[in-house]
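The values are calculated or read from the model by the stated rules, or taken from the named source; none is laboratory data. Keep in mind it's a predicted model, so treat the numbers as computed, not measured. Neighbour counts are summed over all protein chains in view; Cβ atoms, including those assigned to glycine, are modelled from backbone coordinates with ideal geometry. With ligands, DNA and RNA removed, areas are computed over all heavy atoms of the protein, side chains included. Shrake-Rupley method; radii C 1.70, N 1.55, O 1.52, S 1.80 Å.
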Amino acid sequence: EARRKASQADLIVVNHHLLLAQLSMQEGGDLLPAVPVLVVDEAHQLPDLATEFFGITLSSGQLLELVRDAQVARRVEAPDMAQLSSLLESLERSTRDLLLHLEPEARRVACAQLRHRVEFDARVTALADALDEMVQAFALVAERGRALAACEQRAESIAATLKSLR
């Protein structure tokens, strides 16, 4: 009933959640009808919420959690693959090196605003390389168990996110 009434309206007032939900939907899903004017209630919250809906984030916590989980999975499902441990250590080291490079107050600023951009880029490249090596290694052992397969999927997802951010 609400959609029917909205489709007949010349003006629709929606909150930011509904508007962003509509914008984030792929083809075939229409929460709101096409109208000439949209008024967004509480529009001051729109930038932060749009970042949540459409932003890309990658945290050191995600990477370090992947390392921890992969270490456990390797011990249980691929104990004969000792080289995975060194790759995981490399990924952890690259993650921590990047994190330590960032000054505490600079951790939340855009990469373009970092004072030592060349050093930052080098650390991001090292992290991406370590992550790519992990993805390749997981591809060789993922069939050995669910935990390794899950780590492979997470590593691929994180690598894709890092590629998007770069």
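Annotations
- The slack in the chain from GLU143 to ASP69, taken as 0.36 nm per residue of separation less the alpha-carbon distance, amounts to 25.0 nm.
- For the chain, with +1 on Lys and Arg beta carbons and -1 on Asp and Glu, the positive-most of MET25, PRO79, SER157 along the dipole: PRO79
- [x] 10.7; [y] 11.4; [z] 13.5, with the label sought being that of the calculated mean projected area of the Cα convex hull in nm²: [z]
- For the chain, size of Cβ-based charge dipole, Lys and Arg +1, Asp and Glu -1, in debye: 120
- The length gained by stretching the chain between ASP129 and ASN15 to full extension, at 0.36 nm per residue less their Cα-Cα distance, is 36.8 nm.
- Note on the chain: helix-only mean residue ellipticity at 222 nm, from DSSP H runs of 4+ residues weighted -39500 (n - 2.57) and normalised by residue number, equals -21000 deg cm²/dmol.
- As a calculated quantity, the FRET efficiency between MET25 and ALA150 at R0 = 41 Å, using C-beta atoms, amounts to about 0.90.
- Annotation for ASP80 and ARG96: the two label points, set 7 Å from Cα along the Cα-Cβ direction, are 3.1 nm apart.
- Gain in span if fully extended, SER157 to ARG3, counting 0.36 nm per residue against the direct Cα distance: 51.8 nm
- Each of ALA34 and PHE120 was given a label point 7 Å from its Cα along the Cα-to-Cβ line. The distance between the two points is 4.1 nm.
- Apolar share of the accessible surface for the stretch 1-94: 52 percent from carbon plus sulfur atoms, 1.4 Å probe.
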